[in-house]
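Single-structure report; data block below.
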Amino acid sequence: MSGQIPVKPDAEGLAASALAAQKGKGPAPVHLWNPPFNGDIDMRIARDGTWFYQNSPINREALVRLFASILRKDEDRYVLVTPVEMVGITVEDAPFVAINFEIKNAGLNQELEFETNVGDFATAGPENPIRVALDPQTGEPSPYVMIRAGLEARIDRKSFYRLIELGETQPLDGTDWFGIHSGGVFFPIISSQSLEI
């Protein structure tokens, strides 16, 4: 044994480690870091994108963005990763919320660039697909866009309504679908048959 007493990770220590490892703007290279797993920490991201620590909202936007920059999805769990520690957190739905998008180009060359609540940007396309999950009880759609490395953003209601205005019908695997184009890809939202019901 080394004689060291293990220290339980906390938000302050994580933030300090993340700041020390930060090399400029944007997400940290968490895919390169493989520290030991230190267990779960009492941190969660609510469905509306609010971050909580010990059941209190984290109100400092800079701190939320720092934590978001060290977020990674490992198989079926979300973790915050620094070069020296890794802890699990709870994510109620998707870790981010897409709060807006910009339209670039037109027609089949159209690109939709999404902005998240933590300041990330991603253009929907082959690397960043859009998907729509339907609630099995209510049939209500929940749209998502991939932001980076397995981390999705739930598209907020106002942005989803704007997407619907851009939609068109296209055949896909023998069925007509209503959907949208971005980055050279057609993303189906709902079958045309379901629209007519």
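The values are calculated or read from the model by the stated rules, or taken from the named source; none is laboratory data. If you're wondering where the values come from, they're calculated on a predicted model, not measured in any experiment. Positions of Cβ are generated from backbone atoms using ideal geometry, with glycine treated the same way; all protein chains shown enter the neighbour counts. With ligands, DNA and RNA removed, areas are computed over all heavy atoms of the protein, side chains included. Shrake-Rupley method; radii C 1.70, N 1.55, O 1.52, S 1.80 Å.
Placing a label point 7 Å from the Cα of Gln170 along the Cα-to-Cβ direction, the residues of the range 106-134 with a backbone N closer than 17 Å are 106-113, 123-132. For the chain, the fraction of C-alpha pairs farther apart than 21 angstrom is 56 percent.
To the nearest 10 degrees, how steeply does helix 11-21 sit against the main Cα axis of the chain, on a 0 to 90 scale? Roughly 80 degrees between the two axes. Just checking the listed ones, Thr82, Thr90, Thr169: in the Gaussian network model of the chain with Cα springs under 10 Å, the one fluctuating most is Thr169. Efficiency by 1/(1 + (r/R0)^6): what FRET value for Glu12 and Asp40, r their Cβ-Cβ distance, R0 = 25 Å, to the nearest 0.05? It comes out at approximately 0.90. Of the listed residues Tyr53, Tyr161, the order by accessible area with a 1.4 Å probe, largest first, is Tyr161, Tyr53.
Across the options Asn128, Gly183, Pro143, the greatest Cα extent toward the positive end of the charge dipole of the range 83-197 (unit charges at beta carbon of Lys, Arg, Asp, Glu) belongs to Gly183. If a spin label sat at a point 7 angstrom from the Cα of Arg157 along the line to its beta carbon, no backbone N atom of the range 98-137 would be nearer than 14 Å.
Over all orientations, the range 36-127 has a Cα convex hull whose mean projected area works out to 7.2 square nanometres. The HN-Hα couplings worked out from phi for the range 137-153 by the Karplus form 6.51 cos²θ - 1.76 cosθ + 1.60 (θ = phi - 60°) are 7, 9, x, 5, x, 10, x, 9, 9, 6, 9, 6, 6, x, 9, 9, 10 Hz, whole numbers, x standing for Gly and Pro. Based on Cα atoms of the range 111-177, Rg over Rh with Rh as the Kirkwood radius reads 0.98. For the peptides 93-101, 43-51, 133-141, residues were scored by their other Cβ atoms within 10 Å and the scores averaged per peptide; the highest-first order is 93-101, 43-51, 133-141.
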